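**Student:** There's a structure below that I have some questions on.
The values are calculated or read from the model by the stated rules, or taken from the named source; none is laboratory data. Please read these numbers as outputs of a predicted model, since none were measured by experiment. Ideal geometry is used to build each Cβ from the backbone, glycine not excepted, and the neighbour counts take in all protein chains shown. SASA here: full protein model, heavy atoms, side chains in, ligands and nucleic acids out. Shrake-Rupley method; radii C 1.70, N 1.55, O 1.52, S 1.80 Å.
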Amino acid sequence: MSTEARGIKDPAKTSRALKWFKVMAFAAGAAMFVLIAEMIMKYGFENEALTWWSPVHGFIFMGFVFTVWNLGTIQRWSMGRMAAIVLGACIPFVAFWIERKVAAEVEPALAGSLAP
């Protein structure tokens, strides 16, 4: 079966996009916990030691949004699905779950497209 029949037109491009998606999903999930710690420190204890983290978290999250768009356009996902993935990642722990779910869907198709 051809790679186009499996839904993967360019396996190398898809593989790179998936790797970056996985890295950024993990980074966004981890950054969320630092952001939560920053908010607890700031609003709960009036400690502003981590106030610099909010812009960093925003930058990391925008990188995640880009990787969702990149992988989503390669995989021909709907805008609704890409939006659901991005919105889901705004909930603590969900970014990690989303990463595993997307990888479990794309990796088998990618492995099949790389097979001779």
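**Student:** Which pairs have Cβ atoms under 7 Å, sit 6 or more apart or on different chains, and link a residue in the stretch 32-49 that is open to solvent by 60 Å² or more (accessible area, probe 1.4 Å) to one that is not in a helix (DSSP H, G or I)?
**Tutor:** Matching pairs, first to second residue: F33/P92; K42/E48; K42/T51.
**Student:** Any idea which residue in the stretch 95-116 is farthest from the chain's Cα centre (by Cα), counting only those that are aliphatic (A, V, I, L, M) and buried (at least 18 other Cβ atoms within 10 Å of the Cβ)? If you could, list the steps in order and put the result at the bottom.
**Tutor:** Let us first name the residues in the stretch 95-116 that are aliphatic (A, V, I, L, M), namely 95, 98, 102-104, 106, 109-111, 114-115.
Among the residues that remain, those that are also buried (at least 18 other Cβ atoms within 10 Å of the Cβ) are: 95, 98, 102, 106, 110.
Numbers: A95: 7, I98: 7, V102: 9, V106: 13, L110: 18 Å.
Among those residues, the one meeting the criterion is L110.
**Student:** Next up: Output the number of the condition that A25 fails; it satisfies all remaining conditions of (1) over 16 Å from A95 (Cβ atoms); (2) surrounded by 14 or more Cβ atoms within 10 Å (Cβ to Cβ).
**Tutor:** (1)
**Student:** Now for a different question. Considering only the stretch 3-22, state which residues are at pLDDT 95 or above, among the hydrophobic types (A, V, I, L, M, F, W, C) and open to solvent by 50 Å² or more (accessible area, probe 1.4 Å).
**Tutor:** W20
**Student:** For the stretch 24-74, enumerate the residues that are assigned to a helix (DSSP H, G or I) and hydroxyl-bearing (S, T, Y). Full working, then the answer.
**Tutor:** Keep residues of the stretch 24-74 that are assigned to a helix (DSSP H, G or I), which gives 24-45, 53-74.
Correct list: Y43, S54, T67, T73.
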